[in-house]
Amino acid sequence: SSNCYYGLFQIETGMGKSTVLGVKPDNFDELAACVGIGRPGSYKFIDDFIKYKQTGEYSSIYPEIDEILKRTGNIILFQEQISEICNKIYKIDLTSADEVRAAIGKKLPEKMAKWEPILFEKGAENNIPEEVTNLFWSICKDSASYLFNANHCYAYTSLTAITIYLKAKYPKEFFLALLKMTKHEQD
């Protein structure tokens, strides 16, 4: 029932709930992916992730990028994946790769603009097809300010898992706590 999500952190309503209903996670990493993809920038990839979850198939981007993104179905869900792609694929030093991640993660247009030509230059130097760099950069721009960093996502997912556990194992106490919290609800 759709009501069974009341009180569950990050998956009670909205995109978080619809993501979990579609993906039906079986483990902690899949639950974390649901929390990560249930964001405005990433949510457009939900059908791709559901297909990946059900079949193990994903659309290839570029072999070396595929290797980095394989555990998330070739979808960039975490800011750190941007840093790793910049460092390992485009050969951008780690400090600079983290600057790219931060510019994208904080949606700083002037800093993002600085890195775009550098990324394309590094792509050409490393024989990465321009269409791959175009795709990577467009995903980065589309995801700006919506991607979790992995630590944040996994911390949120821990709270999600704890609320699921408490609701399943201690329903009376769980619902009593929810009722006590209703005084803080606007609706």
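The values are calculated or read from the model by the stated rules, or taken from the named source; none is laboratory data. Bear in mind that the values here come from a model prediction, so they are computed numbers and not experimental data. Every residue, glycine among them, receives a Cβ derived from its backbone with ideal geometry; neighbour counts consider all protein chains shown. Only protein heavy atoms, including side chains, enter the accessible area calculation; ligands, DNA and RNA are left aside. Shrake-Rupley method; radii C 1.70, N 1.55, O 1.52, S 1.80 Å.
The length gained by stretching the chain between residue 48 and residue 111 to full extension, at 0.36 nm per residue less their Cα-Cα distance, is 19.7 nm.
Relative to the longest principal axis of the Cα atoms of the chain, the long axis of helix 28-37 lies at roughly 70 degrees.
All other residues whose Cβ lies under 15 angstrom from that of residue 117 are scored, Lys and Arg at +1 and Asp and Glu at -1, for a net of -2.
Applied to the range 123-133, the Karplus parametrisation 6.51 cos²θ - 1.76 cosθ + 1.60 on θ = phi - 60° returns per-residue 3J(HN,Hα) values of x, 5, 4, 9, 6, 8, x, 4, 5, 5, 5 Hz, with x for Gly and Pro.
From the largest down, the range 1-103 spans 49, 29, 22 angstrom on the principal axes of its Cα atoms. Placing +1 on the Cβ of every Lys and Arg and -1 on the Cβ of every Asp and Glu, with nothing else charged, gives the chain a dipole about its Cα centre of roughly 860 debye. Across the alpha-carbon atoms of the range 85-187, the computed radius of gyration and Dmax are 20.9, 62 angstrom. Per residue, the convex hull spanned by the Cα atoms of the range 69-131 amounts to 88 cubic angstrom.
Put simply, the Cα atoms of the range 1-55 extend 29, 23, 18 Å along their principal axes, the longest span coming first. In a reduced charge model with +1 at each Lys and Arg Cβ and -1 at each Asp and Glu Cβ, the range 68-167 shows a dipole moment near 440 debye about its Cα centre. Normalised per residue, the accessible area of the range 97-159 is 52 Å², obtained with a 1.4 Å probe and no contribution from ligands, DNA or RNA.
The candidates 112, 181, arranged from most to least accessible area with a 1.4 Å probe in the full protein assembly, appear as 181, 112. When 29, 66 are compared by accessible area at a 1.4 angstrom probe, the order from most to least is 29, 66.
Loop-located chymotrypsin sites (Phe, Trp or Tyr not before Pro) in the range 75-151 (DSSP state not H, G, I, E or B) with no more than 16 neighbouring Cβ atoms inside 10 Å: 146.
Classified by the C-alpha gyration tensor, the range 131-173 has a prolate form. Its axis ratio a/c, with a ≥ b ≥ c, is 1.5 or above, and a/b is larger than b/c.
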